[in-house]
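Colleague: Next up is a structure, given as structure tokens.
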Amino acid sequence: LSLFPPVRPPKKTSPKKPPTKQQAAMAEEQMEEASSSAAASGTPFQLQFDKPIPFQIKLAEWNPEKDLLAMVTDDSKVLLHRFNWQRLWTISPGKCITSICWSPDGKIVALGTEDGFVLLHDVENGKMLRSIKSHDVAIICLNWAEDEPLSRTDKEDLLSYEDRTTRFFPPAPVMPRIGGLNSGDTGLADENEEAIQAFSSASCQRFNILCTGDKDGCICFSIFGIFPIGKININKVPIHVQSSGKRTSYRLQDVSISKVSLSRNLHQLVLLCSGKLINTDNLSLSNDLSVGVHCLHLDTSIFSNRKNELHQVSQQASSIQDLVEVVRASISMMSKQWSNAMNLFHEKFSALPSLLTAHGMESSSEDEFMSLLFGTHTSPALHQFLVSSLGEAGLKRIAKTIESAGRELRIVVSEHLQPAVEIISFRLAELRGLARWRSRFQNIGLDEKLMDGVTERVGMLVVQVERFSRVAATVLYLFQNFLSWVLKCVKILLSEPTDQVPSTNSELVVIFLKFLLDKDPIKQLLETDQIFEWDIDTAKHVEHLVVFGGFTDTKFLERSLAKQFSELEESLKEAFLMPFTTVSSQIHCQGLLPLYPVTSSDALSSTSTPASIAFYKDKDSQHNASSYSSTDYICFKIPDGSLNLRNFVAVIKDFCNSCSTSNTPSLSGFLLHIPVEYECVDLSLYKDNQVVLLLSGKSSSENAGRSWMVMLQTENLSFSQFSRTFPANYYNLQELEALELQLDTDYGKVRSVPHPLSTPLAVSASRGVACIFSSRRHALVYILDEDEDEDEDEGSEME
Amino acid sequence: MTFEGVCHLLANLVAYCNSADASYDLAEDEDFNGEIEMSDPMDADIGVRSGVFDRYTQGYATESHMGESSSSLIHAPISLHNFDEADIFKAEDNPTCLRSRWQLEAYLNQQADVLEKDPSSVPLNSFNNTMTQLQTLAPELHRVQFLQYLNALCHDDYVASLDHLHRYFDYSAGMQGLFSRSLSPHQDNIVGKYESALLCLGNLHCYFGHPKKALEAFTEAVRVSQMNNDDSCLAYILGAISNLLSKIGISSTVGLIGSRYSLGNNIGLGTPLSIQQQLLVLLKRSLKRADMLKLTSLLSFDHISLAKFDLKHVQRPLVSFGPNGSTKLRTCPADVCKNLRLSSHVLSDFGTDGLSIANDNGSFSTSWLRNLSDASSSWHSSSTKPRKLITNDFDNFHFHAQPSPIPTSVLQLAGSAYLMRATAWEHYGSAPMVRMNTLVYATCFADAASSSELSLAYVKLIEQLAVFKGYSAAFCALKLAEEKFPSSTNSQIHLLKMQLLHERALHRGHLRIAQQICDEFGVLSSSVSGVDIELKTEASLRRARTLLAAKQFSQAAAVANSLFTTCYKYNMQVENASVLLLLAEIHRKSDNAVLGLPYALASQSFCKSFNLDLLEASATLTLAELWLALGSNHAKRALSLVYQSLPMILGHGGLELRARSQIVLAKCHLTDPEFSGI
């Protein structure tokens, strides 16, 4: 029993749902069985369990913070499993999912879809928090990088910036919901609201950037995954290559990005893409060979150099955008509610004019009501209308509908619209303050003039909201007054007692008849295409206020509330586009390394060639905390036939540094030859410069159905430097030293797996586990680090 | 009867009514060219901008009904009077003389509105004459007395107002109650008489600055209304008392409340702090009652008062036991925001609890008829020519807009929430928010606002102009404002003018003028009639600053120190922060940086706990200057301090502060030996 391996307790699995007893028991049983057999065999990786799963898994990714595994099935369902294989939730977003990644804090899973959406889902319950359309085509790869706390400097603390909003305001309003209609599931909706709130507040913790790369060569950057800050089209990025004193410009065509990785200091981005390399100086030079897979190094130092500024701006701007959505929803909901009520009212009261004509009378309904009010006489048509076609019940129904619509209007204005506009204006004021610090914020494109304009517009919006609430209060009161008067009249006509009806003001009835019976001032304010007339006195008053520092745009009272809002939106868009374009223009291509050519026929499949990029911190540079450097490792499988190589995997390191400092050519790598009877299914870089390879026996050989998982310490292998003779010779990976991989040697850890394997391979550096999938629909979870203590340290470090 | 027929009939009625008040319109004295001795240096600036100025003058030359002043921020007594008026003029259904009486009451109501809006437009004596005339014609109309009381009050005639008030309540003798919207509508009004009279009396004393007498009246009112179970009156009285407490300086009432009026068992236990607690208790009780009785106006007023309290005071838990009792010694701005939002509900919630009877007081019989002729003429014209523009008849910005059923008192309360917001942001430091909220007030509530509140809004706008656009723009606007609000009565505008002139004199180094204005401030503040503690602090603050500018450091420090003790005594923590900053500044200027440091730090921590962000930023800047004065080896620390304060200062600080911060920044770089400049 002492041999019994410790079962890893699920760490920090915050989801609250307890496993059903049966499930838990089963899982435990399986685990025991599997792990004891693993321990007995003495092989390097402990098999935690081997479970059948009823889906074909397309993508899988471990949560960086918790022992959770997110998987995407072939039919684009998303599953979240715990380490003990208990399933937490399943969602089917209804779109084809092409990529997946976790937020650095492990609270959000980001999904890239085939039609260019990024969906952000909550880890707790799988609810969608955001859906952002940043691309036009399928998103192939996602990478969410967080600024490392180690790179914090003293200077940063000094420039720490407090978001004052939480201090000065109660929690921000959320989208209004239609009350009463879905009262059954209000609990769920409340939860969702809380989640969104938690999301927006949690996203303010540490600076992080989500990179998304699509099939057409576009890369988008968004801070916290929600605020778009840059977009690069690789097809249009000029690539300058310095060789033997001559500068040549190149460009890539028909780019499809297959992998992006942003270094953890946010300083550099390495991407793998396929495309055709053309010389922009001399177009004739391009040949067939120029179509291939290339490795690009982009300089994203703007993110690291200006991360405080970007953080502050995006924090404010993303909250503003949230609130703008709240305002939009409020306006549309008010408009809907009110028009429903008005439709009922007009539908009922439109019977009167036709009755009048039926009775051969030429007067309007206004006249008829007026004569009823002054007690001259009640025409038969009006009598018929009030008593039979409208009736007491119908009248009460109208009154109730209008009252409830009015209540909704009031609630939306006071609970959602007004607070949202108030907080927007405060946040804009803060942003304007930041924009004034030109030396810091002009570099990232925060423009003072544009921010001034937006602040002005939001002020007008506040005036419009106030005007709307006043008009609404008046109109609602008049309706209330009129309807009770009509009710009283009906009761009198029916000779019923009227003491239950509240007393009414007959002057207000006249006002109603004259100005509200066939007009709808509330609706006018909620429509965008209305222009209001305003008189000379008001014009003078507004112009007068200009001298006192009022709004310089004195025409704003002509607009309706909805129009004013759309103007605010426009100017907001313009103001936020500025940082977007400014930052985008500061991301440059630093270097290019053609990896291997592909023939155009298999260009499509090349995107699925296994590859992995990782950045490791340089051990010797840690003494300088302010700017540590990191080394990039690129590991990929060379497709059979390309470069005349078969069954090779290449590992390259120090590509970025070789681009930036040309005098010390440090670019090095090696090739790994995989035994002929196996093929590499997937590979991944793992912590401490290791490579994990999945090898599966070829179906033709006798090893079919046997597979291996291999972990190699790259430092034990000999990296050989190779020169970048580009552009004289595009591809020179062959120069690298080729090593034979032997499955029984001990320069790495090797474990055989009794299944034919398929993609994907999911390894988690922070948790020290790997999950592999067999083509027979089995999932196998291995513990990569035997040293449990070390792993625990790692785990606690991540906490 | 056709519509036109009705119009005709009603138009005749209004003609009758108008003939009565035509004399007042003519009697109004529009002509004011109050030349104040200070206007000379000001005019020099105005001359430059006369072009702009003229453009805006024309439209306002004929503007009437403007000009009055009062310095209270929220202006609670006026608001309270307003509730009274609205309720007092409740129509009585007297079938014998329904029409004429109704019209008359409408007229009285209108006059009350005018009085409330700007008393200076109503001359005391001619108004009184008309009222007396009316009274002889209709002796049963006791409201005339009340109107006379209001008139006397507005013209600061203590004896007359007291007299009329007494007469009103003696004559009406319980026939007309003040509070119609109590929970039980059939409650007989006779019971509610005496306490209402006492409430009015209390307000009267409060207005004339006799806190002791006011409190006596209120205490009696509380006793009577408790005896008569008049809950709504009690709620109003509580509101009035809390208003009194917050108005007349906390410390002067220590003995008063404890001895006379016992709110509970724990009152009167002694320490000055407990007075603040009492204020809080009172406000909360009034709020609770108003909420229970659905007195929406009072509810809104209480919310505003609570916001005002929260703005400047740390809310301590009333009961705190053990070590876990929260001891967060900071103000809570989110509470202020919440209260202000709740107080704005008075407008949006208007009419939710049924039709209010108080509206049927005939107030429309005059106003809507006035507009009807315009409306119908435009109606006819619209039928002849097709119009593209849309007329929103209920838009308050539209001249033809129909009179709103919402009483002005409700609008005023909704408006003062915005004004209060602007004040709150002045404290918390967000210049765009101050400007925006004030503008919203000036744009949306100008029609309903009383002139004192409106002038306060303009004062705020002009202050913003002075700070952000420079003095010439501010003086240009000030000139316009003075025309809008006759300065003879408007102390607020007058004060602002003095402030601006003083600031500019200091800024330009005209010490003689600065000293002159300081003396004037001293005269204003030393008046025995009203003990306005805020004016007193401002006067001595300005004196200290003038002395500082004249480089008389020891005297300046002495003035500032005595000011600090005063503020401390009256528990004016917010003012303390700025006084401390001034002391730090004095020490810095007198080359005594080491002494200045503790003051600057103290000011900073005061600001932190009261959330005075902008003041904190400028304290940080002063701190940086002090460090810099200590030698070049502190340049790094100073630089980091400047960087800390820059976002606040650049975003919300005025031109002068911004310029100062840039200079300090440059100095930091220059003194830093390691700074290369590239």
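FYI, it's all coordinate maths here, none of it is from the lab. No experiment lies behind these values; they were computed from the predicted model shown. Counting neighbours? That spans all protein chains shown, and the Cβs are built from the backbone with ideal geometry, glycine included.
Colleague: Among residues other than A:Arg438 whose Cβ falls under 14 Å from its Cβ, what is the net charge (Lys/Arg +1, Asp/Glu -1)?
Modeller: +2
Colleague: Another question, then. For a distance above 17 Å, tell me the whole-number percent of Cα pairs in the stretch B:460-521 that qualify.
Modeller: 39 percent
Colleague: Turning to a different aspect of this structure: Give me A:Cys141, B:Cys567 sorted ascending by neighbouring Cβ count inside 10 Å, so fewest comes first.
Modeller: B:Cys567, A:Cys141
Colleague: Rounded, prolate or oblate, given the Cα gyration tensor of the stretch A:478-603, with a/c below 1.5 counting as rounded?
Modeller: oblate
Colleague: Kirkwood hydrodynamic radius of the stretch B:595-677 from all distinct Cα pairs, in Å?
Modeller: Computed over the stretch B:595-677, the radius equals 12.7 Å.
Colleague: Please work out the Cα center distance from the stretch A:554-603 to the stretch B:577-624, rounded to the nearest Å.
Modeller: 44 Å
Colleague: Based on the Cα atoms of the stretch A:305-584, what semi-axes does the equivalent ellipsoid have, where each is the square root of 5 times one gyration tensor eigenvalue, given in whole Å with the largest first?
Modeller: Rounded to whole Å, the semi-axes are 50, 18, 15.
Colleague: Further question: For A:Thr714, A:Thr581, what's the fewest-to-most ordering of other Cβ within 10 Å of each Cβ?
Modeller: The order, fewest Cβ neighbours first, is A:Thr581, A:Thr714.
Colleague: Dividing the alpha-carbon radius of gyration of the stretch A:205-263 by 2.2 N^0.38 Å (N being the number of residues), what value is obtained?
Modeller: 1.39
Colleague: Let me ask something else. Indicate the gyration tensor shape class of the stretch B:529-678 (rounded, prolate or oblate), computed on the Cα atoms with a ≥ b ≥ c the square roots of the eigenvalues: a/c under 1.5 is rounded; otherwise a/b larger than b/c is prolate and the rest oblate.
Modeller: prolate
Colleague: Pulled fully out, how much extra length does the chain show between A:Asp163 and A:Lys523, if you take 0.36 nm times their separation in residues and subtract their Cα-Cα distance?
Modeller: Net length gain for the segment: 125.9 nm.
Colleague: Something else: Would you mind getting me the FRET efficiency between A:Val137 and A:Glu558? Use the beta-carbon distance for r and R0 = 56 Å, nearest 0.05.
Modeller: 0.85
Colleague: State the extension gain, in nm to one decimal, for the chain segment bounded by A:Glu737 and A:His673, taking 0.36 nm per residue of separation less the distance between their alpha-carbons.
Modeller: So the chain would gain 22.0 nm between A:Glu737 and A:His673.
Colleague: Over all alpha-carbon pairs in the stretch A:273-370, figure out the percentage whose distance exceeds 25 Å.
Modeller: For the stretch A:273-370, the fraction of Cα-Cα distances above 25 Å is 68 percent.
Colleague: Once you list every other residue whose beta carbon is under 12 Å from the beta carbon of A:Asn340, what net charge do they have if Lys and Arg are +1 and Asp and Glu are -1?
Modeller: 0
Colleague: If you plug each phi of the stretch B:433-441 into the Karplus form 6.51 cos²θ - 1.76 cosθ + 1.60 with θ = phi - 60°, what whole-Hz ³J(HN,Hα) values come out, in order, with x for Gly and Pro?
Modeller: Ordered by residue, 3J(HN,Hα) equals 5, 4, 4, 5, 5, 5, 5, 4, 5 Hz.
Colleague: Moving to a separate point now. DSSP loop trypsin sites (Lys or Arg not before Pro) in the stretch B:499-587 with at most 15 other Cβ atoms within 10 Å of their Cβ, which ones?
Modeller: Listed in order of number, the matching sites are B:Lys551.
Colleague: Estimate the FRET efficiency between B:Val159 and A:Ser503 by the formula 1/(1 + (r/R0)^6), using the beta-carbon distance for r and 45 Å for R0, to the nearest 0.05.
Modeller: With a Förster radius of 45 Å, E is 0.65.
Colleague: Is the stretch A:427-543 best put as rounded, prolate or oblate by its Cα gyration tensor, with a ≥ b ≥ c the root eigenvalues, rounded for a/c under 1.5, and otherwise prolate when a/b is larger than b/c, oblate when not?
Modeller: Prolate is the answer for the stretch A:427-543, as a/c is 1.5 or above and a/b outweighs b/c.
Colleague: Simple spin-label model, 7 Å along Cα-to-Cβ: B:Gln133 to A:Gln713 in nm?
Modeller: A separation of 11.1 nm, rounded to one decimal place.
Colleague: How do A:Glu61, A:Glu574, A:Glu715 line up, fewest other C-beta atoms within 10 Å first?
Modeller: The order, fewest Cβ neighbours first, is A:Glu715, A:Glu574, A:Glu61.
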